[in-house]
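Report on the following structure.
The values are calculated or read from the model by the stated rules, or taken from the named source; none is laboratory data. Predicted model, so just to flag it, every value in this text is computed and none were measured. Ideal geometry is used to build each Cβ from the backbone, glycine not excepted, and the neighbour counts take in all protein chains shown. Just the protein is used for accessible areas: all its heavy atoms, side chains included, with ligands, DNA and RNA removed. Shrake-Rupley method; radii C 1.70, N 1.55, O 1.52, S 1.80 Å.
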Amino acid sequence: MRLDYFIANATTLSRRDTKKAISAGLVQVDDQTCRKAGTLVTPESRITLEGQTLALPGERYLMLHKPEGVISATTDSQQPTALDLLPADIRRGLHIAGRLDADTTGLLLLTTDGQWSHRITSPRVSCPKTYRVTLSERIDPTAILRLEQGVTLRNEPTPTSPAGVHKLDERLIDLTISEGRYHQVRRMLAAVGNHVVGLHRWRIGDIVLDPELAPGQYRELTVDEVGCLA
């Protein structure tokens, strides 16, 4: 991450004051004075401001590529959970922000920050989530239009909010929704006469699943990724 981002997040300084402190030669990186705000630093870098060692706040934010067959839970005596994929010292205190069904793969966000996760899951915020949907049947323009306008789900009186639909192939679409109803994507496609055979979430807000992460792998979110959902 950039040096000015690190200092702004590790102190009460504004970004403007952070850059002034760096320009004034008050910051050292690994015992060397650094005057460039855009210098890239790592979690292992030793950064001081006027001789005081800085550290980022203690909250943790991770992305995980959830495989099929893993449930979105902290503990379960019968099935493997998303947190079981993490080392014990990493998963302590983490919870899942926005669950996935066991047979749905893709992006899971985990954090110790309750306020941050609330901004992802609260219906009042309407955080968009994008799914790659593999279908059993070809999808026609009429079905796409209905999804974009909102559809009525079985046993629910209120139609869904309008969805974003991007057709990738005859049986493959990206579907963006901002609600979190029970099995919503599968039920929406059923409402237009189709059937979901594969479901993969690859985006939450502006956070995109890292293509370098194989199923079951995880990494920490960058400062920018955390900030885009703040």
**Message:** Quick check on my filter: what residues within the stretch 1-32 are among the hydroxyl-bearing types (Ser, Thr, Tyr) and surrounded by fewer than 12 Cβ atoms within 10 Å (Cβ to Cβ)?
**Reply:** 12, 14
**Pair list, Cβ under 7 Å, 6 or more apart: the stretch 2-22 residue at negative phi, other residue of a type in the set (Lys, Arg) and buried (at least 17 other Cβ atoms within 10 Å of the Cβ)** = 4/19
**Fill in**
Per the filter on the stretch 103-134, residues at pLDDT 95 or above and more than 22 Å from residue 70 (Cα to Cα) are 128
**Message:** Take the conditions touching a residue at least 24 places away in the same chain (Cβ under 8 Å), charged (D, E, K, R) and within 30 Å of residue 60 (Cβ to Cβ) and apply them to residue 171. Does it pass?
**Reply:** no
**Message:** With the requirement that a residue be modelled with pLDDT of 85 or more, open to solvent by less than 80 Å² (accessible area, probe 1.4 Å) and not aliphatic (A, V, I, L, M), what does the stretch 76-90 give you?
**Reply:** 80, 81, 87
**Request:** Could you list, in sequence order, all residues of the stretch 96-114 that are of a type in the set (A, V, I, L, M) and either open to solvent by less than 20 Å² (accessible area, probe 1.4 Å) or touching a Leu at 6+ places or on another chain (Cβ under 9 Å) (or both)?
**Result:** 96, 97, 100, 107, 108, 109, 110
**Message:** Could you check the stretch 21-57 and list, in sequence order, the residues that are touching a Cys at 6+ places or on another chain (Cβ under 9 Å) and assigned to a strand (DSSP E or B)?
**Reply:** 27, 28, 47
**Within the stretch 205-230, tally of residues that are among the small types (Gly, Ala, Ser), closer than 17 Å to residue 86 by Cβ and at pLDDT below 95** = 0
**Prompt:** Which one of these does residue 162 not meet: (1) part of a loop (DSSP other than H, G, I, E, B); (2) surrounded by 15 or more Cβ atoms within 10 Å (Cβ to Cβ)?
**Reply:** (2)
**Message:** Quick check on the stretch 115-153: of everything there that is polar (S, T, N, Q) and assigned to a loop (DSSP other than H, G, I, E, B), which residue is least open to solvent (accessible area, probe 1.4 Å)?
**Reply:** 122
**Message:** I'm told residue 64 meets every condition in (1) among the hydrophobic types (A, V, I, L, M, F, W, C); (2) at pLDDT below 95; (3) within 19 Å of residue 202 (Cα to Cα) except one. Can you identify the failing condition by its number?
**Reply:** (2)
**Prompt:** Tell me, which residue of the stretch 38-67 that is loosely packed, with under 15 Cβ neighbours inside 10 Å and touching a Ser or Thr at 6+ places or on another chain (Cβ under 8 Å) is farthest from residue 216 (Cα to Cα)?
**Reply:** 46
**Asked** What number goes with the only condition from (1) under 24 Å from the mean Cα position of the chain (by Cα); (2) open to solvent by less than 70 Å² (accessible area, probe 1.4 Å); (3) of a type in the set (Asp, Glu) that residue 220 does not pass?
**Response** (2)
**Request:** Output the residues belonging to the stretch 180-207 that are surrounded by fewer than 16 Cβ atoms within 10 Å (Cβ to Cβ) and either under 14 Å from residue 127 (Cβ atoms) or of a type in the set (Lys, Arg) (or both).
**Result:** 180, 181, 206
**Item:** The lone exception for residue 93 - which of (1) assigned to a loop (DSSP other than H, G, I, E, B); (2) open to solvent by 60 Å² or more (accessible area, probe 1.4 Å); (3) more than 14 Å from residue 216 (Cα to Cα) it fails
**Value:** (2)
